[in-house]
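Peer 1: Input: one structure, supplied below.
The values are calculated or read from the model by the stated rules, or taken from the named source; none is laboratory data. All values reported here derive from a predicted model rather than from experimental measurement. So basically every Cβ, Gly included, is an ideal-geometry build from the backbone, and we count neighbours across all protein chains shown. In case anyone asks, the SASA skips ligands and DNA or RNA and just uses the protein heavy atoms, side chains included. Shrake-Rupley method; radii C 1.70, N 1.55, O 1.52, S 1.80 Å.
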Amino acid sequence: MKSKANLKQFFRILQLILIFWLLYALIKGLWSTAPDFAFGLKTKEAKPVSYLAERKVRAFTPDSSIVAYFSDKHPFQTGEILQTMGIANYRCKKLTDANGTKILLLSVDPDDLPEFSEKELNFLETYLKNGGVIVSDSGFLGYLDEDDEDFDFNFLNFFGLKKVIPTRKHTELILAKSPYFKYFNRPEEKKYRMASSPGKIWSNTLVLKKDSKPLAFYEDNSVAISSHKVGKGRVILLGLHLYSLRFRNLVGRDFDANRVYINHFEPFSDFVPLFLKGLYQKILKRGFTLSTAPKYYKATVMITHDVDFIDSIVNMKKFYELERKEGVSATYNIWTKYLKDDKDVPFFYSKYLGNLLEAQKLGFEMGSHTVEHSANFDKFPKGTCKESYPIYRPFSISYTQDSGNPTVCGELKVSKELLLGAGIKKLVTFRSGELLYNKALPEVMERFGYRYSSCLSAEDILSYFPYRYMYDYYKLRRPSKIWEFPLVYEDEKFPPLVFRTGQALRLVNKIAENGGMFPVLIHPDLTWWKLKNFDLDFLKKFLEGLPKDVGVFNMGAYGRFWDYRDRVVFHYKITSKDVEITLWSPKSFELALEPFGWHWLDKKGKGYYIKNGRIVLKLKKGINRWIFPVPSS
């Protein structure tokens, strides 16, 4: 009885809060002096910008790159995995190009198989017998269906299999114990959900020969990943294709694999990259990878604020003053709301723009947060890209209905032109309202000079690393120049942020272990009835509680780092006395190498410094070379 009485009391309090909120909203609307439409706003043309050329994937010889990859129809995808993990890599145009490397990654389209010469296929067996390691996704299993009488290479024997059973019944991937799985030490990294129910994702059950070993299983205990020793080498086969394991997930086309939407940890899309990094480090025993964070940091936090409410544009000053005091920069994504609708009154006009300009002057970044902030942005047509203020007048009728012909071009072009016209000097970042992705985004963002986006949640795409949008939404083979930083943590889920400081910091530690990123969103409205008036307390405690090897950057600064890093080509050579490191860089910037298998003492030298065990190289545009003595440890 007591519990029922407590429950009734709780609902009475909740009712009172809702009544007070409705009265507050009514009074505020009656007393508002805001116009229905903000006329007379200045605009400035949103011009295209120049983007960096793609990296020179064959800039160095393969024997010094250690890891080679062959991918006939989607080379960017396969190379993206290695480049994200900072592994020295080389693209093979034919299989024999991998001669001299230690690891060969194979991925082909099973519906459009390339033709290999007898010399190339024989090379694979020689490569293994000489101590090489081959990792293949399920694409090569397509050769099992070949009817060509001249095609006599036995892929079942090559992979150490009795047979393969294609199926759509599996929903989970469960890792066995393996020295290659050093980056999977948490429960969420040892068991992944691939689909919400059977009948969705294609996988292959691998039936092994006696001399093969399982590395991972499905939920029915059948084998999902196998390892087969051949001579001095080993061939590892994934029972799924890279397309299903990672790439389709990155545009939200997974098979409902995520259990929650945000504020948790589900890194299924990062399994293959981190597995390859662990394999690489185990095979080589000592070497280097490129750091995934700027300067000497191990991981990155990005503080972002969506200014999408009249109280937000007023109260943002309290946030950037606190952030300045804490010595960090943040990104403020501005909703250029100049038209009254069911969401709010206009607040993008001169009366409220002073805070934006002051924040910019203090070093904070401004980004676009659309014109309408629609929950239907993912369904918007591309538009003409001639939309302009004040003619472009999209408005919300309800959460599910819009009017005024909203378009993707209009949302990005008009919002940017208004922000530039208001005095914002540089604007290259974008976040859609409601965290929605539209297929036209890559093209439209490039057309109007954007570079960085945060339009998806990390749980939705199951990854905690940045990646580039693809022009082709289904085949995912043509990369755009636009980077996505999926949002990891936000303030609108229950309970309020002030009660979740510990949870947020624990999540940072999980992601930081593997060098990932942690974008966090705090709306600066300070709405009292949501207890958001305590968000400043959360922010202060959160920043002060971060590990020392986690850096805080705004979206633009972090994006520039990844833009440059993604184009870097590097290799190294280790002798008994020296370590020779060579990198080609598109720009001058700092980039750290993370040594593994040995310890490097902190010190400084010409063009580099060593801090926290990371060798921070001061790269110049073009070829850079260092020679270090081999550490004693």
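Peer 1: Do you know which residues across the range 213-240 are touching a Gly at 6+ places or on another chain (Cβ under 6 Å), surrounded by fewer than 20 Cβ atoms within 10 Å (Cβ to Cβ) and closer than 18 Å to Asp137 by Cα?
Peer 2: Passing the criteria: none in range.
Peer 1: Out of the range 464-495, which residues are open to solvent by less than 20 Å² (accessible area, probe 1.4 Å), part of a loop (DSSP other than H, G, I, E, B) and in contact (Cβ under 8 Å) with a residue 60 or more places away in the chain?
Peer 2: Tyr464, Phe465, Pro466, Leu476, Phe485, Val488
Peer 1: What are the pairs with Cβ atoms under 7 angstrom where one residue, in the range 179-200, is in contact (Cβ under 8 Å) with a residue 40 or more places away in the chain and the other, located anywhere, is surrounded by fewer than 17 Cβ atoms within 10 Å (Cβ to Cβ) and part of a loop (DSSP other than H, G, I, E, B)? Sequence gap at least six, or different chains.
Peer 2: Final answer for the pair search is Arg193/Arg259; Ala195/Asp256; Ser196/Asp256; Lys200/Arg168.
Peer 1: Next question, about the same structure. Determine which member of the set Val307, Val251, Val301, Val314 is over 24 Å from Tyr467 (Cβ atoms), open to solvent by less than 30 Å² (accessible area, probe 1.4 Å) and among the aliphatic types (A, V, I, L, M).
Peer 2: Just one listed residue meets the conditions, Val307.
Peer 1: Follow-up. Condition first: open to solvent by less than 10 Å² (accessible area, probe 1.4 Å) and under 19 Å from Val272 (Cα atoms). Now tell me which residues in the range 90-107 satisfy that.
Peer 2: If the condition is that a residue be open to solvent by less than 10 Å² (accessible area, probe 1.4 Å) and under 19 Å from Val272 (Cα atoms), then Ile103, Leu104, Leu105, Leu106, Ser107 are the ones that fit.
Yes or no, residue by residue, for (1) under 26 Å from Ala592 (Cα atoms); (2) in contact with a helix residue (DSSP H, G or I) (Cβ under 6 Å, 6 or more places away or on another chain):
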residue	(1), (2)
Pro519	yes, no
Pro524	no, yes
Asn533	no, no
Leu543	yes, yes
Asp549	yes, no
Met555	yes, no
Tyr558	yes, no
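Peer 1: Of everything in the range 445-474, what is of a type outside the set (A, V, I, L, M) and within 20 Å of Pro273 (Cα to Cα)? Give them in sequence order.
Peer 2: Across the range 445-474, the qualifying residues are Ser457, Glu459, Asp460, Ser463, Tyr464, Phe465, Pro466, Tyr467, Arg468, Tyr469.
Peer 1: While we're here: Among the residues of the range 289-298, is any among the aromatic types (Phe, Trp, Tyr) and part of a loop (DSSP other than H, G, I, E, B)?
Peer 2: Yes, because at least one residue in the range 289-298 is among the aromatic types (Phe, Trp, Tyr) and part of a loop (DSSP other than H, G, I, E, B).
Peer 1: Condition first: in contact with a helix residue (DSSP H, G or I) (Cβ under 6 Å, 6 or more places away or on another chain) and either of a type in the set (D, E, K, R) or modelled with pLDDT of 90 or more (or both). Now tell me which residues in the range 66-82 satisfy that.
Peer 2: Listed by number, the list holds a single entry, Ile81.
Yes or no, residue by residue, for (1) outside any helix (DSSP H, G or I); (2) closer than 23 Å to Leu487 by Cβ; (3) in contact (Cβ under 8 Å) with a residue 24 or more places away in the chain:
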position	(1), (2), (3)
Thr336	yes, yes, yes
Ala359	no, yes, yes
Thr370	yes, yes, yes
Ser374	yes, yes, yes
Pro390	yes, no, yes
Arg393	yes, no, yes
Gly433	yes, yes, yes
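Peer 1: Restricting to the range 380-406, count the residues that are of a type in the set (Gly, Ala, Ser), within 20 Å of Lys343 (Cβ to Cβ) and crowded, with 19+ Cβ neighbours inside 10 Å.
Peer 2: Residues meeting the conditions: 1.
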